[in-house]
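Each reported figure results from applying straightforward, stated rules to the coordinates on display, with no laboratory input. Just so you know, these numbers come straight off a predicted model, no measurement behind them. Every residue, glycine as well, gets a Cβ built from its backbone with ideal geometry; the counts of neighbours run over all protein chains shown.
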Amino acid sequence: MNGTIKSLAQNVQNNCHIADALYAGNYTLCIYLIKMREFFRWENGQAFNSRIDKDTLGNWLTQREELWDSLEDTQFQPLIIDQREYQPMDNQGINKALLPHGLVYSSGYGNKAQPHFFLAELEKIHTEGGYTIYISHKELARDLTAPPAMAQGSEIYIRRESFRRMLWEKFEEWLWNKPDNAMKRAIQYYPFGNDINLALDLMTEKELNMALNHEIGEIKGSLLLGERWLEILAELPRSRGEIVLRSVKDHLADCLYTLPQLLETFYPESWHFYMANLSGMRKEIAPQLQYVYQNWIKNEDLQPLHDYVRIAQQHWLGLAGDIMKLRDEFANIKEYSEAVHQLVEKNYC
C-alpha cells in the first residue's frame with residue numbers, strides 16, 4: 001500500500017472509529033463481544049478459526065474502548081485524495097477520484113441512523129438495470145458493524161469480504177447449539193466439516209447475489225414509498241418504531257425483487273439461507289412466510305411460496321401506506337411510534 005492510499009485508509013478508519021464511538025454500545029453484550037473479536041481478527045489479519053490469546057484480546061479491547069471514549073465529541077473528518085478535499089458523505093465524488101487507484105468507498109446511514117464508512121479494493125464495477133454496482137474485495141478500512149451491502153440512490157455497494165465474514169459469524173453462532181433450523185439446512189450444502197475456507201468461498205459466491213437483489217428491492221421500494229417514508233424514518237431514530245418501519249420496508253423489498261428472483265433461479269440452499277437471515281422483528285411480523293417455508297420443506301411444493309410473494313407484495317405496500325397516513329394523526333412522535341407498532345401487530349403476513 002503506497003503512502004497516499006495508506007494515509008487515506010487511516011483517515012477513513014478514523015471516521016469509522018468516530019462512528020463506533022457513538023454507536024458500538026447499542027449491541028447486547030454477547031453480540032458486542034462477538035463483533036469485537038471478529039474486528040480484532042480483521043484488524044490483525046487473522047484467520048476466522050485462529051485461536052486468540054485472551055490477554056491479547058483483552059488488552060486490545062481496553063485500548064479500543066479508550067480510543068472511542070476520546071472520540072465521542074469528534075466530528076467526521078474530510079478525506080484528501082490527490083490533494084483535493086472531499087466531505088465524507090460525498091460517495092460519487094470520492095469514488096470518481098478513487099477509480100484510477102482501483103479502490104471503492106462508501107458512506108451512509110444504516111439501522112438506528114448509524115453512520116457507516118468503508119474503503120476497499122475494487123473487484124469490479126458494472127451497470128445493471130440502471131444501477132451502478134460496486135463489488136469490493138479486500139477492505140482497508142471499516143467500522144464494527146460492516147454491513148455487507150448498502151444502496152445509495154441508484155448505486156449499490158456489495159462488500160465480498162464483509163459478506164464472507166457475516167457468513168462465518170452466522171456459522172459460528174449456529175455451532176453453539178447446532179439447532180435443527182434453516183441455517184443448518186443451508187450449510188449442509190457446503191463442506192464446512194472439511195474445509196471452512198472453501199465452504200465460505202462457495203457460500204459467498206452463491207449467496208452474494210441475494211444481497212444485491214435485496215438492495216435492488218430496497219431501491220424499488222423507496223421509489224414506491226417516496227420521500228415521506230424517509231422523513232418519517234428520520235423522526236424515529238433508535239426506537240421500536242424505526243425497527244418496525246425498517247422491517248416492513250425489508251419485507252416489501254424482498255417481495256418486490258429478492259423472493260421473485262429466488263423463485264426464478266431456484267436453489268434450495270438459497271431459500272434456506274434467506275430464511276436463516278430472518279430474525280427479530282422481520283421474523284415476528286411474517287408468520288405466514290414461515291408457514292409456507294415449512295410447507296415447502298415437507299411437501300416440496302413451490303406454489304404456496306409463489307402465492308405468498310404475490311399476496312405479500314401488496315400487503316406490505318398497503319401497510320406502508322397506512323403507516324404513513326397514520327403519522328398525521330399524532331403530534332407526539334413517541335405516541336406515533338407505539339401506534340405504528342400496534343398497527344403492524346394487527347397486520348402480520
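Worth pointing out:
- Cβ-Cβ FRET estimate between Phe330 and Arg37, R0 fixed at 51 Å, reported to 0.05: 0.75
- Beta-bridge orientation, the chain: approximately 80 percent antiparallel, per DSSP, counting only bridges with both partners inside.
- Between Lys96 and Glu284, the FRET efficiency estimated from the beta carbon spacing at R0 = 35 angstrom works out to 0.25.
- Taking the charge dipole of the chain about its Cα centre, with +1 at Lys and Arg Cβ atoms and -1 at Asp and Glu Cβ atoms, the residue from Asn15, Tyr134, Thr258 reaching farthest to the positive side is Thr258.
- Debye intensity ratio I(q)/I(0), log10, the stretch 3-161, q values 0.10, 0.13, 0.15 Å⁻¹ (C-alpha model): -0.37, -0.63, -0.83
- Within the shell of other residues whose beta carbon sits under 15 angstrom from the beta carbon of Arg84, the net charge comes to -2, with Lys and Arg scored +1 and Asp and Glu -1.
- Cα-based shape type of the stretch 248-290, given that a ≥ b ≥ c are square roots of the gyration tensor eigenvalues and the cut on a/c is 1.5: oblate
- Charging the Cβ of each Asp and Glu at -1 and of each Lys and Arg at +1, and nothing else, the dipole of the stretch 3-161 about its Cα centre rounds to 440 debye.
- Of the three principal axes defined by the Cα atoms of the stretch 184-345, the extents in descending order read 58, 33, 25 Å.
- Convex hull per residue volume in Å³, alpha carbons only, for the stretch 67-217: 154
- Close amide H contacts of Arg238 (hydrogens built in the peptide plane, cut-off under 5 Å, sequence separation of 5 or more or a different chain): Lys112, Ala113.
- Within the stretch 243-349, the chymotrypsin sites (Phe, Trp or Tyr not before Pro) that combine a DSSP coil assignment with at most 11 other C-beta atoms in a 10 angstrom radius are Phe266.
- Taking the Cα atoms of the chain, the ratio Rg/Rh between the radius of gyration and the Kirkwood radius comes to 0.96.
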